[in-house]
């Protein structure tokens, strides 16, 4: 079912922007995409997709005639009434969201009573109110403003766009709110209509709650290790309670990615700036940071002093099916191991190039077996399918040592041990 062919603009061509653009194009819309990165726009015009997201390249290729790319916001404004803002809002050193790209859009958008900004970027609660005031001060008060936070998961973003579990739309009664709702109506998802501030808070609260579940099960895993219980069985037992549910109860080395890491810190700081100490989120963040470092302690327990020890990291991206390195546990783990004097070599089937941008000194191999060759220990960091299907006897032959730390509880301990290796997971007795 099409979206009526209504043209839209998408400002920012990162994960959220490109998926949003390709999704609406597939629904029948002409989409005018804008980005200040000339190289990225040139690549997109050639049909190259600058990010790794399963299915995105074919979706863009299928809808190429409806997708238009430019570095000029004026081109999008000329072709579309609704301008979806999908620019990055990375964390600052203080932990809150850097809104400089959002304000750049506000400055650049022309005055108009015919256009509306639709905020897909994750912003602190209260941002919409501030932006509307700024627009008024700039003589652009007639512009519409809608908050429509994204809930896309990297690695499954196309499916998440096409089959959302809800669409949240916050507005102040401007007609643009109805227009955004009409765009999403063909997807058949529940549409939550609310005010702007509540829509902003829904996004932050959702991510903070999911991060809390992850830190909770990791704490349970740590206690399981002390009491000879198995966190996998515990997770199944509590997840069958429909008040809890099984999702996000996978113990491991902590959450990563751009969303959880940034949004939990941003919500904590937002509360503090409002005079409230969000103690629970402080603990969620602390548990997550300590969880990454527990892997180092596990290695030290098996190997002793790590100076000169060769450690292989299997996986770099924060999760499978993405090349995103933002908030990746591998970065903290590699840094801590190198600080202990260990020699670290890694392999990731997709994220190597992005990882080297963040950590140029990282030594990367061209295959799993090359990474583990001569290693004293192997750590599974990202549960890519190819790692789950490894021939562990060949791994054992390539290694110098015998230690395997399963940082995602994704391997079969019996298979690893049958190869003559020492297996240790997270919270598995």
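If you scan region 198-212, which residues turn out to be touching a residue at least 12 places away in the same chain (Cβ under 8 Å) and either closer than 20 Å to residue 164 by Cβ or in contact with a strand residue (DSSP E or B) (Cβ under 7 Å, 6 or more places away or on another chain) (or both)?
Of everything in region 198-212, those that are touching a residue at least 12 places away in the same chain (Cβ under 8 Å) and either closer than 20 Å to residue 164 by Cβ or in contact with a strand residue (DSSP E or B) (Cβ under 7 Å, 6 or more places away or on another chain) (or both) turn out to be 198, 199, 200, 201, 202, 203, 204, 205, 206, 207, 208, 210.
This table checks each residue for (1) within 23 Å of residue 256 (Cα to Cα); (2) buried (at least 18 other Cβ atoms within 10 Å of the Cβ).
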site	(1), (2)
343	no, no
360	yes, no
365	yes, yes
391	no, no
397	no, no
422	no, no
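Name the single residue, out of those in region 228-238 being assigned to a helix (DSSP H, G or I) and in contact (Cβ under 8 Å) with a residue 12 or more places away in the chain, that is surrounded by the most Cβ atoms within 10 Å (Cβ to Cβ).
231
Please state which one of 249, 331, 316 is under 20 Å from residue 382 (Cβ atoms), crowded, with 24+ Cβ neighbours inside 10 Å and either more than 21 Å from the chain's Cα centre (by Cα) or in the same structural domain as residue 379 (by TED's automatic domain parsing) (or both).
One residue alone meets the criteria, 316.
Which of (1) free of Cβ contacts under 8 Å to residues at least 60 places away in the same chain; (2) closer than 24 Å to residue 149 by Cβ; (3) surrounded by fewer than 19 Cβ atoms within 10 Å (Cβ to Cβ) is the odd one out, the single condition residue 78 does not satisfy?
So residue 78 meets the others, but not (2).
Quick one: which helices (runs of 4 or more DSSP H) lie wholly within region 328-429 and hold at least 1 residues that are touching a helix residue (DSSP H, G or I) at 6+ places or on another chain (Cβ under 8 Å) and closer than 24 Å to residue 290 by Cα?
Passing ranges, in order: 329-339, 352-358.
Is there any pair linking a residue in region 156-167 that is assigned by TED's automatic domain parsing to the domain that holds residue 186 to one that is in a loop (DSSP other than H, G, I, E, B), with Cβ under 6 Å and at least six apart or on different chains, and which?
Partner pairs satisfying both residue conditions: 157/53; 158/55; 160/152; 160/153; 164/189; 166/189; 166/190; 167/189.
Could you say which residue among 117, 27, 44, 73 is within 25 Å of the chain's Cα centre (by Cα) and closer than 29 Å to residue 266 by Cα?
117
Quick check: is even one residue across region 74-96 farther than 21 Å from residue 127 by Cβ, in contact with a helix residue (DSSP H, G or I) (Cβ under 7 Å, 6 or more places away or on another chain) and outside the structural domain of residue 323 (by TED's automatic domain parsing)?
No, every residue in region 74-96 fails to be farther than 21 Å from residue 127 by Cβ, in contact with a helix residue (DSSP H, G or I) (Cβ under 7 Å, 6 or more places away or on another chain) and outside the structural domain of residue 323 (by TED's automatic domain parsing).
With respect to residue 395, is the statement that it is at pLDDT 95 or above, within 14 Å of residue 313 (Cα to Cα) and under 30 Å from the mean Cα position of the chain (by Cα) true?
Criteria not met by residue 395.
The values are calculated or read from the model by the stated rules, or taken from the named source; none is laboratory data. This structure is a prediction, so every number in the text was calculated from the model and none was measured. Cβ coordinates were reconstructed from backbone atoms using ideal geometry, including for glycine residues, and neighbour counts include every protein chain displayed.
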